Amino acid sequence: MKVRTFTLNSKKEIISKITREVLSLFKVEVVGRRGQSDYEQLSVVNRRLPVMAEGAHDGQLVRMETTLLLFDAAGEVKRWVRVAEGKGDELERAAVNRTIKRNLYDIFVEELHMPQAPWGILHGVRPTKIVHRWISYGMEEEAIVKRLMTDFACSEAKARIITPMAFRQLPFLKTSDEKTISIYVGIPFCLTRCLYCSFPANILPGEKQLDKFMAVLEKDLAAAKAAVEHYGFTVQNVYIGGGTPTALPDRYFANMMQMVYNAFYGPNLVEFTVEAGRPDSITPAKIQTMVDCKVSRVSVNPQTMQQRTLKIIGRQHTPEDVVAMYQALRKAGIPEINMDLILGLPGETAEDVRDTMEKVVALKPDDITLHALALKRGSRLKLIMEERHVDLPGDAETRKMSEVAMSFIEKGGYQPYYLYRQGYMSGDLENVGCCRKGAEGMYNIQIMEEHQTIIGIGGSATTKVVDFARKRMKSSFNAKDLVTYLRDVDIYIEKRRQLLEEAYGKQGETNEC
């Protein structure tokens, strides 16, 4: 649907945000030009209704009315109204936001005959956090599934993915206390840049720039190690990501791995992960380095096993190279191997995904992560789409791809164990990690559910500090730009130190009181 103008009877940023989320979900485009729109104006009017004492239930205090008006070129207006009520266990602000979204969603589906979205109005990155909150209230699995469907218009299929998933995560989350943390090390280099990529990765530079990076990384690591010792943290997981860490030349990779190992490896470490990514970045020397440093988990990311697609997206390897890399890691004795795939790549169909899944499942990786293509502004694919036609699968085909992939997941004995969503995802889908029983990635669970402090080190890394006393989380971000990170590393180290001090500096004093 195209409209020339859009109006909303609220200046609150959050109301504008959630309203535009629904418009984006149903692909409503504001064109701003006459003669190029289906309607002259779309208006959304929200107002809060009084709650009648006899009509109140479960302690609910919020009733919101939403009116949608569509004006055509002849001045005719179509008008629809919906009313929704908050729930007693919702914060007032959350109830207002949810009921506005639900009202608007229902108008689009029921009156404008738009297709229902798999996730309904669940727009957030981490939908399982809602489920965890309801579990803490004592709700049972079936009650949670029902409430996801009624309150958020979530499909039963999606509700039955995230609800048992959240219950499955509970014993893993219980392994962490206030002083248990994870370490993320960002190596922001790749050998080439994939067409769809929006990550802040740099093409591998020459030795002079690499030497600068290694010196700065050593300083960053030393400061993080000092913080771990100062606050008495227990490091549960170490995750080396990027970029593609294995893009580093052999001696740089070995040096980096040894520095990380020396700083954080210990008897309490549960998981040590390295993103190896792609076959053209791996060598026998790097595999041996990972074995020597006791790496327990390696990610191999073919994205697809279709040769023509690999060429389109800028990958300099073949499906056969992926198999060879996987087998080399298995032969070396790496305990767990994860493989990442992307649904919705240019030119692919559900049958291509079927072929890819057959080949990947046959390898018997411990963990398969299914990503839905997210077309972000920073990706080259997004820019190219604006210049010329690129044959991307539509939403219906991408959802079919997901159904095909999940059927292989189920038949292969894998179970979903973590999930997150992004904006601009093909088919309104999600990224979901699935593994054989016992191969759950602890770091993946901890970072997605935000129950644990994670110290970020390196280029474009993020530090997330959970302040348990104040029940909040704060973040600090290292620069995405490599030159800025190298120049200003002391600033990022200090910001990280301040966050940790704010959350942990007076814990002992608080506990004594």
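The values are calculated or read from the model by the stated rules, or taken from the named source; none is laboratory data. Treat the numbers as computed from the prediction; the structure is a model and nothing was measured. Using ideal geometry, Cβ is built from the backbone for each residue, glycine included, and neighbour counts are taken over all protein chains shown.
A few notes on this one:
- Answer residue from the stretch 410-422, given it is touching a residue at least 60 places away in the same chain (Cβ under 8 Å) and assigned to a loop (DSSP other than H, G, I, E, B) and is surrounded by the fewest Cβ atoms within 10 Å (Cβ to Cβ) among those: Gln422
- Test: residue in the stretch 179-186 that is of a type in the set (D, E, K, R), assigned by TED's automatic domain parsing to the domain that holds Asn478, surrounded by fewer than 17 Cβ atoms within 10 Å (Cβ to Cβ) and assigned to a loop (DSSP other than H, G, I, E, B): yes
- Test result for Arg126, modelled with pLDDT of 95 or more, charged (D, E, K, R) and within 19 Å of Leu25 (Cα to Cα): no
- The single condition from (1) among the hydrophobic types (A, V, I, L, M, F, W, C); (2) touching a Ser or Thr at 6+ places or on another chain (Cβ under 7 Å); (3) over 26 Å from Cys154 (Cα atoms) that Val81 fails is (3).
- Every residue from the stretch 464-492 that is closer than 26 Å to Ile203 by Cβ, buried (at least 17 other Cβ atoms within 10 Å of the Cβ) and β-branched (Val, Ile, Thr): Val489
- Residue within the stretch 247-260 that is touching a strand residue (DSSP E or B) at 6+ places or on another chain (Cβ under 8 Å) and hydroxyl-bearing (Ser, Thr, Tyr) present: no
- Candidates are the residues of the stretch 432-472 that are assigned to a strand (DSSP E or B) and either acidic (Asp, Glu) or modelled with pLDDT under 95 (or both); the one that is farthest from Asn237 (Cα to Cα) is Arg472.
- Filter result for Met406 (over 30 Å from Glu494 (Cα atoms), touching a residue at least 12 places away in the same chain (Cβ under 8 Å) and in contact with a strand residue (DSSP E or B) (Cβ under 8 Å, 6 or more places away or on another chain)): yes
- Within the stretch 276-333, the set of residues being charged (D, E, K, R) and in contact with a His (Cβ under 8 Å, 6 or more places away or on another chain) comprises Arg278, Asp280.
- With respect to the conditions (1) surrounded by fewer than 20 Cβ atoms within 10 Å (Cβ to Cβ); (2) of a type outside the set (Lys, Arg); (3) at pLDDT 95 or above, Leu191 lacks only one, and its number is (3).
- Looking only at residues in the stretch 27-50 that are farther than 25 Å from Ala94 by Cβ and among the β-branched types (Val, Ile, Thr), the one that is surrounded by the fewest Cβ atoms within 10 Å (Cβ to Cβ) is Val31.
- Odd one out for Lys400, checked against (1) assigned to a helix (DSSP H, G or I); (2) over 22 Å from Ser24 (Cα atoms); (3) at pLDDT 95 or above; (4) in contact with a Ser or Thr (Cβ under 9 Å, 6 or more places away or on another chain): (2)
- Of the candidates Ala332, Ala362, the single residue that is among the aliphatic types (A, V, I, L, M), surrounded by 14 or more Cβ atoms within 10 Å (Cβ to Cβ) and in the same structural domain as Ser426 (by TED's automatic domain parsing) is Ala332.
- Filter result for Asp391 (in the same structural domain as Gly344 (by TED's automatic domain parsing), at pLDDT 75 or above and over 21 Å from Asn301 (Cβ atoms)): no
- In the condition set (1) touching a residue at least 60 places away in the same chain (Cβ under 8 Å); (2) closer than 24 Å to Tyr137 by Cβ; (3) not aromatic (Phe, Trp, Tyr), Val62 is compliant with all but (1).
- Just one of (1) touching a helix residue (DSSP H, G or I) at 6+ places or on another chain (Cβ under 9 Å); (2) not in a helix (DSSP H, G or I) fails for Tyr485. It is (2).
- Any hit, the stretch 93-100, residues being farther than 30 Å from Trp134 by Cβ and either in a strand (DSSP E or B) or modelled with pLDDT under 95 (or both): no
- Qualifying residue in the stretch 340-362 (condition: in a loop (DSSP other than H, G, I, E, B), touching a residue at least 40 places away in the same chain (Cβ under 8 Å) and over 22 Å from Ile409 (Cβ atoms)): yes
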